[in-house]
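To keep things clear, I will list the structure first and then write my remarks on it.
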Amino acid sequence: MRHLVLVLADGLRPDAITPSVMPSLDALGGVFTLALHARTVRPSATVAALASLATGVGPDAHRLIEPGLGFLPGLRNIRPVAQVLAAAGIPTDIVAGDLGAATLPVAWALSATAGVRRLTAKGSRARDTTAAAARLLEQREERLLFLYLPDCDRAGHAHGWMSPAYLEAAAEVDAAIGLLSPWTDAAVFIVTADHGGGGVYGNEHDLPQPINDHHGAVVVRSARTRQLRRAFPEGSIRPHTHGRAGARVMRWVTHCGGARVTIGIGVAVVALGDVRLGTAVLLANGGAHLIVQLLKRAVARARPADVSGRLLALVPLPDAHSFPSGHAAAATAVAATLALAHPMLAPAVLPLAGLVAYSRVALRVHHVSDVLAGVALGLGGAVAAWRLVR
Ligand SMILES: [Zn+2]
């Protein structure tokens, strides 16, 4: 193991770790270890919790409870983990979000005293800060990397815990954690928080209260990373925990609108002897596909994404363009051509095409209007192709 990465999401409440708000963290917790009842120190304030995290002793011993010099008498009782690691030849680096001009020197002095080798303060949002941490991980060196993400705490104090702004910050933190997925082979990850929040007062977290005292913790051990890789689609650690069975059916259905199945049906009809109909099916599909591809590039509509711009797709995307849906067009083109030639097939094939169209929305790869446009193009292709060969 080369890295131990400790991610601290300030003010992240355990009930924010849900598949819809924090899919990456929820999935990591499902595959590895998730503790939703981790308990912080009292007072449940960042300074006290960070000092305990860095020293392994409670606020009674380190006395770093509020800004000031009250902690000085307790200094000889504590051994910061960074000092212990440095003595063993293992450096500790901290990457944090932007710190103000007033805070930076204090943070730098404190961390240097605690034995930290380097403090980087970069980025106003979690993903930017995490990108700076990721650059450090590229250096193959054994170390403790401490990544501090203040987004949730800031949103909680400003707008209230579990408010829309808070959940947006949690989604941002989750997207940042997703950026670290390439390193799960080379590192052990601990994602945790210093406190919950919003227990007694909506915008605070320092009073004794269960929701202030509890926070979530996820531990990712690198030995099990291969399992993680298999659990999620390529290039993503987005999970499918939400409605797992439904999503599985939808993923199966959506394949019926893929190139392999739709072209395969046309070829099969030709092979079965109905060359005219098979040609019409292939023509309808090909014509609709051509227009879909032209429109995709002309319109260049973005795929469905959350507020922080993260894609919501539950299956791999064929391309970046959302409008119109190629799967809906292909499935409709094939089904409608078959229905035009043999009307008694209509009750079987048209609902199937509709289901394919629906699956594109259910799997969050298309907006509803993309799918409606795809269906229209498929119908147009079918009518034109059938007229051409009849
Ligand atoms: Zn706070």
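The values are calculated or read from the model by the stated rules, or taken from the named source; none is laboratory data. Model, not experiment: these values are computed from the prediction. Backbone-built Cβ (ideal geometry, glycine too); neighbour counts: all protein chains shown.
Could you tell me which of the residues 218, 191 is more than 16 Å from the ligand (Cβ to nearest atom), at pLDDT below 90 and crowded, with 19+ Cβ neighbours inside 10 Å? Walk me through it before giving the result.
Working: 191 fails: at pLDDT below 90.
Within the list 218, 191, the selection yields 218.
Any idea how many residues of the stretch 84-102 are in contact (Cβ under 8 Å) with a residue 24 or more places away in the chain and aliphatic (A, V, I, L, M)? Here the count works out to 7. For the stretch 137-173, which residues satisfy the criterion of being within 30 Å of residue 89 (Cα to Cα), more than 16 Å from the ligand (Cβ to nearest atom) and buried (at least 18 other Cβ atoms within 10 Å of the Cβ)? Answer for the stretch 137-173, where residues must be within 30 Å of residue 89 (Cα to Cα), more than 16 Å from the ligand (Cβ to nearest atom) and buried (at least 18 other Cβ atoms within 10 Å of the Cβ): 137, 143, 144, 145, 146, 147. Is it the case that some residue within the stretch 202-212 is more than 12 Å from the ligand (Cβ to nearest atom), without any contact (Cβ under 8 Å) to a residue 40 or more places away in the chain and closer than 30 Å to residue 135 by Cβ? No. Has the stretch 93-115 got at least one residue that is closer than 20 Å to residue 188 by Cα and assigned to a helix (DSSP H, G or I)? Within the stretch 93-115 (the criterion being closer than 20 Å to residue 188 by Cα and assigned to a helix (DSSP H, G or I)), the answer is no, since none of the residues qualifies. When the residues of the stretch 281-302 are filtered to those that are under 25 Å from residue 339 (Cα atoms) and β-branched (Val, Ile, Thr), the one that is surrounded by the most Cβ atoms within 10 Å (Cβ to Cβ) is 281.
Out of (1) part of a loop (DSSP other than H, G, I, E, B); (2) at pLDDT 95 or above, the odd one out for residue 319 is which? Answer for residue 319: the failing condition is (2). Exactly one residue among 136, 144 is closer than 15 Å to residue 50 by Cβ, more than 20 Å from the chain's Cα centre (by Cα) and assigned by TED's automatic domain parsing to the domain that holds residue 64, and that residue is 144.
Could we say that residue 255 is modelled with pLDDT of 85 or more and surrounded by fewer than 19 Cβ atoms within 10 Å (Cβ to Cβ) here?
yes
Sub-9 Å Cβ pairs linking a first residue in the stretch 50-65 that is within 19 Å of residue 190 (Cβ to Cβ) to a second residue that is surrounded by fewer than 16 Cβ atoms within 10 Å (Cβ to Cβ), at least 6 apart or interchain, are 52/58; 52/61; 55/61; 55/77; 55/79; 56/79; 57/77; 57/79, ordered by first then second residue.
A quick yes/no check of all residues on (1) at pLDDT 85 or above; (2) more than 16 Å from the ligand (Cβ to nearest atom); (3) surrounded by fewer than 20 Cβ atoms within 10 Å (Cβ to Cβ):
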{"position": "37", "(1), (2), (3)": "no, yes, yes"}
{"position": "49", "(1), (2), (3)": "yes, no, no"}
{"position": "55", "(1), (2), (3)": "yes, yes, no"}
{"position": "64", "(1), (2), (3)": "no, no, no"}
{"position": "68", "(1), (2), (3)": "no, yes, yes"}
{"position": "72", "(1), (2), (3)": "no, yes, yes"}
{"position": "89", "(1), (2), (3)": "yes, yes, yes"}
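Test residue 310 against the stated conditions and say whether it is at pLDDT below 90 and not assigned by TED's automatic domain parsing to the domain that holds residue 127. It is true that residue 310 is at pLDDT below 90 and not assigned by TED's automatic domain parsing to the domain that holds residue 127. The residues of the stretch 133-181 that are assigned to a loop (DSSP other than H, G, I, E, B) and free of Cβ contacts under 8 Å to residues at least 60 places away in the same chain, listed by number, are 138, 139, 160, 163. Does residue 324 satisfy being within 30 Å of residue 390 (Cβ to Cβ) and assigned to a loop (DSSP other than H, G, I, E, B)? So residue 324 fits the description; yes.
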